[in-house]
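Below is one structure, written out as structure tokens; comments come after it.
The values are calculated or read from the model by the stated rules, or taken from the named source; none is laboratory data. It should be emphasised that the depicted structure is a prediction, and the values quoted were computed from it without experimental measurement. All Cβ positions, glycine included, derive from the backbone under ideal geometry; neighbour counts span all protein chains shown.
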Amino acid sequence: MTKLSARLASVARMVPGDAYLADVGSDHAYLPISLIEKGKISYAQAIDNKMAPFLRMKRNVEDSGLSAHIACSFSSGLDELQPDVDTLAICGVGGLLTCEILEKHQEKLDQIKTIILDPHRDLQAVRKRVAALGYHLVDEEMLYEGKIYYTIMKWEKGAPEKPYTQDELLFGPFVIAKLGETFHDYLLQQQEKINGILNDSVPEGKKGPYLELLTQIETQLKKYN
Ligand SMILES: C[S@@+](CC[C@H](N)C(=O)[O-])C[C@H]1O[C@@H](n2cnc3c(N)ncnc32)[C@H](O)[C@@H]1O
């Protein structure tokens, strides 16, 4: 059985049972291999656009004996998405690349009911741009692994009932609603970081955006009192 990191295990939990998954930027293909080994899904497409990860993915799929269940594609983003795919995972890449991959083939999103994302930067832009593509968040999980905070997002088709607030775009509506211990630790870390920047290096006239961010962080922190 393939053992997933805590981050990929969180992604795996968000994949609907019996989804036809495309794992875009699959690299090692651990996610589809593990989901099929556990019987949660039956078929997947693993996609990567670089030769070394593609060969690694292909070897892992062959070694797992799942070649009849996982199609390995050497292609970029959704360029060669299979028509049966109804769920996307795009994990472990930057947020802007995540958005570009989704926006490049909007006609292919007609077939996509669920999107699971683990963007490593620019989460605010991701929430804004994926909502604009006609999806709404149904769950988020923040976790800390290898000294990094990750937020896994699960999106389903259909626009949000009301536009996300600035705080929801920044931190995530479900992250805020859950008020978990990891989010608390993250807020404290960010507060310390912003205070450090303000005290060290930002000229008086450029402090505005940092002070605004600090207020947003402190508004969330007050909820833990
Ligand atoms: C850091 S790995 C993440 C692997 C795995 N998804 C995870 O979360 O552990 C990112 C992978 O995305 C691939 N990648 C980057 N841009 C891509 C694109 N446009 N299309 C397909 N794969 C891409 C890279 O080659 C790399 O193998």
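The table for this structure:
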| item | result |
| --- | --- |
| Matching residues, region 100-130, being of a type in the set (A, V, I, L, M) and either buried (at least 18 other Cβ atoms within 10 Å of the Cβ) or more than 24 Å from Gln190 (Cβ to Cβ) (or both) | Ile101, Leu102, Leu109, Ile112, Ile115, Ile116, Leu117, Leu123, Val126, Val130 |
| Residue within region 19-34 that is in a helix (DSSP H, G or I), near the ligand (Cβ under 8 Å from one of its atoms) and assigned by TED's automatic domain parsing to the domain that holds Leu143 present | yes |
| Tally, over region 55-89, of residues that are hydrophobic (A, V, I, L, M, F, W, C), within 17 Å of Ile41 (Cα to Cα) and either more than 9 Å from the ligand (Cβ to nearest atom) or not assigned by TED's automatic domain parsing to the domain that holds Leu109 (or both) | 8 |
| Test result for Ala125, within 14 Å of the ligand (Cβ to nearest atom), closer than 19 Å to Lys154 by Cα, modelled with pLDDT of 95 or more and of a type in the set (A, V, I, L, M, F, W, C) | no |
| Residue within region 75-84 that is polar (S, T, N, Q), within 30 Å of Leu170 (Cα to Cα) and modelled with pLDDT of 95 or more present | yes |
| Condition met for Gly39 (over 22 Å from the mean Cα position of the chain (by Cα) and away from the ligand (no atom under 13 Å from the Cβ)) | yes |
| Test: residue in region 92-99 that is closer than 18 Å to Ala131 by Cβ and part of a strand (DSSP E or B) | no |
| Residue list for region 167-189, restricted to those being farther than 17 Å from Glu140 by Cβ and either free of Cβ contacts under 8 Å to residues at least 40 places away in the same chain or of a type in the set (A, V, I, L, M, F, W, C) (or both) | Leu188 |
| Any hit, region 119-136, residues being hydroxyl-bearing (Ser, Thr, Tyr), in contact with a Phe, Trp or Tyr (Cβ under 7 Å, 6 or more places away or on another chain) and under 21 Å from Ala9 (Cα atoms) | no |
